[in-house]
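**Q** Can you read through this structure? Questions will come right after.
The values are calculated or read from the model by the stated rules, or taken from the named source; none is laboratory data. Everything numeric in this text was worked out from a predicted model, so none of it was measured. Positions of Cβ are generated from backbone atoms using ideal geometry, with glycine treated the same way; all protein chains shown enter the neighbour counts. All accessible areas refer to the heavy atoms of the entire protein, side chains included, with ligands and DNA or RNA removed. Shrake-Rupley method; radii C 1.70, N 1.55, O 1.52, S 1.80 Å.
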Amino acid sequence: MLPTSHNTQQVKRINVELVKNTLRSMGVGTKASIANLTKLSVATCGTILNELLQTGEIIDLGPDESSGGRPASRYQFNADYASVLCLIIRTEGGIHSITHTYANLNGEMADEQTLILDEINVTVVEDLIASLIETHHNVQAIGIGIPGVAHNGVIGICDVSELAGQPLGPRLKEQYDDVEVVIGNDMNLTVYGLYNQQQFEEEKNFAVVTFPENHFPGAGFIIDGRPLTGNTQFGGEVSFLPFGVSREEQLRMLKTTEGLQELVVQTLVSIIAIINPATIVVTGDTMDQAMLDGLTQGCLEMIPQEHMHMPGLIIQRDTRREYVTGLVAVTLESLTYRIQVVEKQW
């Protein structure tokens, strides 16, 4: 059992998080209205609000319009109290780039820029982060999206060869002890952004599969509203499905119209048979909206009609915006205290 003082400290942090998140969702609230929504006592809410005012995490908007008696102070969550820094590392068609942006605590983005680089390695990434953190206000978390996999911040398989095998996450934590660091797979982050865009009324199974030009396909999954990454972050590496051809042969097939459709259909059928998602979004440079009917019919040759609900299959070639919003959302989540009333999704 944890010491009483430690338990008390944890409860306090949970309550502070609860008050901040409640005020963020309300927009503007009074001590009494926040207490009503959080089910905390008015006294507890008052103490927390006073502490948050001192740190600058909330703003006092002054007294509410009085309906008799002493007017209550109105409070607003200060989304600009801190920021998160997000980087997306890409290599496409032999071009290496890093897109960086900042977001406030409401996820509102600003200052997005893309740098084209001769090469990308750990030193390049670290130097860029150092210069960006110096010039921006109170960065509390760093989120990095990569075309590969990372486990506990250590990069494994990666299309940017000089990052493969590098402990980028631990290195950044050594340099920025008070800053959270998140390194995520590009597909997992894109699926997170696309899933939130669907605005399902209840949690669903959802999949995104991408077929980029001159690269192996990849996929990302949401299961009952929760991202599925796998034990070692290998979930979604669909090029390893047993198609009966080598991965080298897959690359050759992807360059022909017939071969591309065959591999896409086989991948979609595999996903439908395993997780039966409400929606699959197919993305990538090789995709075109005109392919939708052919892919649907190809799936229907193997999957019964009742399991191919439309619009269950969507082709969306460009998902760059959803990738960025997914990365921002995950990076912001890293700031939420890890013991919560509501469990983190990521």
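**Q** What number goes with the only condition from (1) in contact (Cβ under 8 Å) with a residue 40 or more places away in the chain; (2) more than 15 Å from His96 (Cα to Cα); (3) surrounded by 15 or more Cβ atoms within 10 Å (Cβ to Cβ) that Gly153 does not pass?
**A** All conditions pass for Gly153, except number (1).
**Q** Out of all the residues in the stretch 275-303, which are closer than 23 Å to Glu213 by Cα, in a helix (DSSP H, G or I) and open to solvent by 50 Å² or more (accessible area, probe 1.4 Å)?
**A** Gln289, Ala290, Asp293
**Q** So which of Glu201, Glu262 ends up being more than 21 Å from Pro147 (Cα to Cα) and out of contact with any helix residue (DSSP H, G or I) (no Cβ under 7 Å at 6 or more places or on another chain)?
**A** Working: Glu262 fails: out of contact with any helix residue (DSSP H, G or I) (no Cβ under 7 Å at 6 or more places or on another chain).
Testing whether each residue is more than 21 Å from Pro147 (Cα to Cα) and out of contact with any helix residue (DSSP H, G or I) (no Cβ under 7 Å at 6 or more places or on another chain) leaves just Glu201.
Results for (1) in contact (Cβ under 8 Å) with a residue 12 or more places away in the chain; (2) of a type in the set (D, E, K, R); (3) within 28 Å of Val154 (Cα to Cα), shown as yes or no for each residue.
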| residue | (1), (2), (3) |
| --- | --- |
| Asn231 | no, no, yes |
| Phe234 | yes, no, yes |
| Glu237 | yes, yes, yes |
| Val245 | no, no, no |
| Glu249 | no, yes, no |
| Arg252 | no, yes, no |
| Thr257 | no, no, no |
| Gln261 | yes, no, no |
| Val265 | yes, no, no |
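**Q** Step by step: first the residues of the stretch 27-55, then only those that are in contact with a Leu (Cβ under 7 Å, 6 or more places away or on another chain) and in a helix (DSSP H, G or I), then the one that is surrounded by the most Cβ atoms within 10 Å (Cβ to Cβ). Which residue is that?
**A** The selected residue is Ile34.
**Q** Moving on. Across the stretch 110-128, which residue is surrounded by the most Cβ atoms within 10 Å (Cβ to Cβ) among those that are assigned to a strand (DSSP E or B) and over 20 Å from the mean Cα position of the chain (by Cα)?
**A** Taking the stretch 110-128 and keeping what is assigned to a strand (DSSP E or B), we get 110-117.
Then keep just the ones that are over 20 Å from the mean Cα position of the chain (by Cα); that gives 115-117.
Details: Leu115: 13, Ile116: 8, Leu117: 15.
Of everything passing the filter in the stretch 110-128, Leu117 is surrounded by the most Cβ atoms within 10 Å (Cβ to Cβ).
**Q** Anything in the stretch 90-109 that is assigned to a loop (DSSP other than H, G, I, E, B) and closer than 21 Å to Phe77 by Cβ? List them, or say none.
**A** Leu105, Asn106, Gly107, Glu108
A quick yes/no check of all residues on (1) exposed (fewer than 14 other Cβ atoms within 10 Å of the Cβ); (2) at pLDDT 95 or above; (3) under 30 Å from Leu128 (Cβ atoms):
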site: Glu17; (1), (2), (3): no, no, no
site: Glu57; (1), (2), (3): no, no, yes
site: Leu61; (1), (2), (3): yes, no, no
site: Val84; (1), (2), (3): no, yes, yes
site: Leu87; (1), (2), (3): no, yes, yes
site: His100; (1), (2), (3): no, yes, yes
